[in-house]
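Heads up, the thing below is written out as structure tokens.
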Amino acid sequence: MKNTPNARERILSTAIIVFAEKGYEGARMDQLAKAASVPKSLIYYHFKSKEDILATLVNQLIADFKKLIVLSDQETHQQKAAGLSAKRQKYQSFMNKNADLLRIIFIESLKKTNKNPILYEVCRVLIEEEKKQSGISKTNDYDKSERLVAEFFTNLIPNLAYHCFKESFGNSFKINAEKLEKLFYQVFIETHGAYHKNHQ
């Protein structure tokens, strides 16, 4: 079988578009093949199933996310709070670049039948990297459960929701993109930032 140059990468990038437009459950392999301009047999040459494609995309996302997390071994909660604004552009670029895939993951994670949502793994990675790199995990009052709750519900979910809804939200409530972004990060710093400020 002839393997079209970069076919695997094209299949993956096209899968994100098709999954985002049709929904992961609703997307079919023949739709993906047509959109990627490859025979369906070539998709199965590279991937066992639709699930395999999504798993590959998620693994790539998590690998890229790990590279994004660079923490100081002396970092405290106070320094984390002070550094939120400085890190904003870096994380915003990551979210914007992966917006469609994050939307797919968000939707899949919301399904009641999903007992271990992909978003939990993203949060788990964040806390594991923190334990390896940050001074926060070395404090006497460090509580992993608290850190998971804080990062999931006051950091990860709000940021994902913002990037998934910002365009339609702005259009619906007549708030321009620049003002909406400013307001979101203002509220984010007042909530997630306040959590860090209230810890030593």
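The values are calculated or read from the model by the stated rules, or taken from the named source; none is laboratory data. Computed from a predicted structure; not experimentally measured. Glycine also receives a Cβ, built like all others from the backbone with ideal geometry; neighbour counts cover every protein chain displayed.
Points to keep in mind about this one:
- Filtering region 128-146 to residues that are free of Cβ contacts under 8 Å to residues at least 40 places away in the same chain and surrounded by 17 or more Cβ atoms within 10 Å (Cβ to Cβ) leaves only 137.
- Some residue of region 116-127 being without any contact (Cβ under 8 Å) to a residue 24 or more places away in the chain, aliphatic (A, V, I, L, M), buried (at least 16 other Cβ atoms within 10 Å of the Cβ) and in contact with a helix residue (DSSP H, G or I) (Cβ under 7 Å, 6 or more places away or on another chain): no
- Residue tally, condition in contact (Cβ under 8 Å) with a residue 12 or more places away in the chain and over 13 Å from residue 14 (Cβ atoms), over region 34-43: 1
- Residue in region 42-49 that is basic (Lys, Arg), part of a loop (DSSP other than H, G, I, E, B) and over 20 Å from residue 187 (Cβ atoms) present: yes
- Close Cβ contacts (under 7 Å, 6 or more residues apart or on different chains) running from residues in region 87-108 that are closer than 22 Å to residue 22 by Cβ to residues that are modelled with pLDDT under 90 and surrounded by fewer than 17 Cβ atoms within 10 Å (Cβ to Cβ) comprise 108/114.
- Of the criteria (1) over 20 Å from residue 166 (Cα atoms); (2) surrounded by 18 or more Cβ atoms within 10 Å (Cβ to Cβ); (3) at pLDDT 90 or above, which one residue 37 fails: (2)
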